[in-house]
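The values are calculated or read from the model by the stated rules, or taken from the named source; none is laboratory data. Being a predicted model, the structure only gives us computed values, none of them experimental. Glycine also receives a Cβ, built like all others from the backbone with ideal geometry; neighbour counts cover every protein chain displayed.
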Amino acid sequence: MFFPITLPGAMPFSRAPSDWNLMQFSGLCQCNETSLHFQSARAGRRCGNGQTDLKTGKHPPDSILLQCESLVYVGQRNKDKGAKPVMDSIESLIAGYRAFRAGTYRQNEERYRALAARRQRPRALIIACCDSRTDPAMVFNSDPGELFVVRNVANLVPPYEPDSHYHHGTSAALEFGVKALEIKDIIVMGHAACGGIEAIYDDCCGKPASGDFIPSWISLIEPVARQVLEKHGELDRHTVLRKLEQEAVVASLDRLRSFPFIKEREDAGQLRLHGWFYGIGTGLLSIYEPEVGRFRDITD
């Protein structure tokens, strides 16, 4: 496992409010068992000193702590409400990369070089949504090289259609993962508040999705959506969407079995298929139990 420094009270760097100045300081400077003394600076200008309690995460008033890998930032709100944010999205990504290089990569350089020197051997293949709020590697606390992740809108599995003239990104990834990498577990990972599932729900309710590619893609789940609406249409929108999000996972599991190289291996006991569902707000993972036809929460 990789173990970056964790500072109590620090929120992820990516959640930095846009109206806060960020002043980087190193977690290695003047650090003892109880506190971290730092001198913050921005754009080469001295901004003052501070001290953070490592046990409680308490830091100077009117400031916040942000963490990216093993580097920590202290932030203070801009005095000028019209001031331009210090970092835009691209700048923050570059800053995050530098923090990664100086922190996690440097601490685990030998491990990364070893990963690059040999063929990848992931433990599982995960079909996940491209939603930016659901990162399988983060949810499962996985290291590089452990997961082979395929992401698309609404974590859908297309049908096995090798003779069609479409480009098959997801199908190609499945074939590579199963045949070349010999992965033994495939997981379809759905999630709450899925925009793709909401789009097909609205489409079935008379509000067609727009775009050149999205309508055709989400139509893969239209039959399931109509079945869910026919059976549960009297329920509130949130409840119906949750049922549809989970039924879409089950439908993708069924469609995986239309791929001969997957069905053959599953029948031979060489491959297992799993349906999982992740709650973004709750942090709960639910696992589909085909014997009873429902999802069961995995609790602490």
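Return a yes/no flag: does segment 140-151 have any residue that is in contact (Cβ under 8 Å) with a residue 60 or more places away in the chain and in contact with an Asp or Glu (Cβ under 9 Å, 6 or more places away or on another chain).
no
Looking only at segment 181-197, decide whether some residue is without any contact (Cβ under 8 Å) to a residue 24 or more places away in the chain and assigned to a helix (DSSP H, G or I).
No, segment 181-197 contains no residue that is without any contact (Cβ under 8 Å) to a residue 24 or more places away in the chain and assigned to a helix (DSSP H, G or I).
Scanning for something touching a strand residue (DSSP E or B) at 6+ places or on another chain (Cβ under 8 Å) and either surrounded by 15 or more Cβ atoms within 10 Å (Cβ to Cβ) or modelled with pLDDT of 95 or more (or both), does segment 204-220 turn up at least one residue?
Restricting attention to segment 204-220, the residues satisfying the condition of being touching a strand residue (DSSP E or B) at 6+ places or on another chain (Cβ under 8 Å) are 217.
Next, from what is left, pick out any that are either surrounded by 15 or more Cβ atoms within 10 Å (Cβ to Cβ) or modelled with pLDDT of 95 or more (or both): 217.
Checking segment 204-220: at least one residue is touching a strand residue (DSSP E or B) at 6+ places or on another chain (Cβ under 8 Å) and either surrounded by 15 or more Cβ atoms within 10 Å (Cβ to Cβ) or modelled with pLDDT of 95 or more (or both).
Output the residues belonging to segment 148-195 that are in contact with a strand residue (DSSP E or B) (Cβ under 9 Å, 6 or more places away or on another chain) and of a type in the set (Ser, Thr, Tyr).
Once the filter is applied, which keeps residues that are in contact with a strand residue (DSSP E or B) (Cβ under 9 Å, 6 or more places away or on another chain) and of a type in the set (Ser, Thr, Tyr), segment 148-195 yields only Thr170.
Of all residues in segment 124-149, which are surrounded by fewer than 20 Cβ atoms within 10 Å (Cβ to Cβ) and among the β-branched types (Val, Ile, Thr)?
Val139, Val149, listed by residue number.
So which of Arg272, Arg265 ends up being farther than 23 Å from Glu198 by Cα and touching a strand residue (DSSP E or B) at 6+ places or on another chain (Cβ under 8 Å)?
Numbers: Arg265 fails: touching a strand residue (DSSP E or B) at 6+ places or on another chain (Cβ under 8 Å).
From the options Arg272, Arg265, the qualifying one is Arg272.
Have a look at Ala114, Ala154 and point out the one that is aliphatic (A, V, I, L, M) and surrounded by fewer than 16 Cβ atoms within 10 Å (Cβ to Cβ).
Values: Ala154 fails: surrounded by fewer than 16 Cβ atoms within 10 Å (Cβ to Cβ).
So the residue among Ala114, Ala154 that is aliphatic (A, V, I, L, M) and surrounded by fewer than 16 Cβ atoms within 10 Å (Cβ to Cβ) is Ala114.
Residue under question is Phe261, and the condition is that it be touching a residue at least 60 places away in the same chain (Cβ under 8 Å) and in a helix (DSSP H, G or I); does it hold?
Details: touching a residue at least 60 places away in the same chain (Cβ under 8 Å): yes; in a helix (DSSP H, G or I): yes.
Against the criterion (touching a residue at least 60 places away in the same chain (Cβ under 8 Å) and in a helix (DSSP H, G or I)), Phe261 qualifies.
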